[in-house]
């Protein structure tokens, strides 16, 4: 199976390093799906979900495929010949997300959307996108764990 090297980092630390058969990320112009052999590309990311398919690691002797999800708050995605790098403003894994806090952020963003101040409305839209992505990730993974046989 062909793979692309993936690095996801913030200015403070490396978040993820591995290989993938596909990465899906939220660009400002819509979702982008990157697979091995993709043409060089540089895109601006918006808040949303990153999906890393079929990560292969040295710790996994069977090289079984799995999917990793995380939330990005914005940043840049760059594709080179055999690698994909995401330099993110911030990244959250599912375990870092507080569902109650995300729900509260949605309520606050809805209130801010009523403001005549364009900056507040713009910020509210970003906050709303982020909170929706967080809740979507939590709910999808809780459904998947519910459906898995024990």
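The values are calculated or read from the model by the stated rules, or taken from the named source; none is laboratory data. This structure is a prediction, so every number in the text was calculated from the model and none was measured. Glycine gets a Cβ as well: all are built from the backbone with ideal geometry, and neighbour counts include every protein chain shown.
Structure values in brief
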read-out: So residue 17, is it at pLDDT 85 or above, assigned to a strand (DSSP E or B), surrounded by fewer than 16 Cβ atoms within 10 Å (Cβ to Cβ) and out of contact with any helix residue (DSSP H, G or I) (no Cβ under 7 Å at 6 or more places or on another chain); value: yes
read-out: Residue in the stretch 87-107 that is out of contact with any strand residue (DSSP E or B) (no Cβ under 9 Å at 6 or more places or on another chain) and modelled with pLDDT of 90 or more present; value: no
read-out: Residue within the stretch 37-44 that is in contact with a helix residue (DSSP H, G or I) (Cβ under 6 Å, 6 or more places away or on another chain), outside any loop (DSSP other than H, G, I, E, B) and in the same structural domain as residue 74 (by TED's automatic domain parsing) present; value: no
read-out: Residue among 81, 122, 115 that alone is surrounded by fewer than 19 Cβ atoms within 10 Å (Cβ to Cβ) and part of a helix (DSSP H, G or I); value: 122
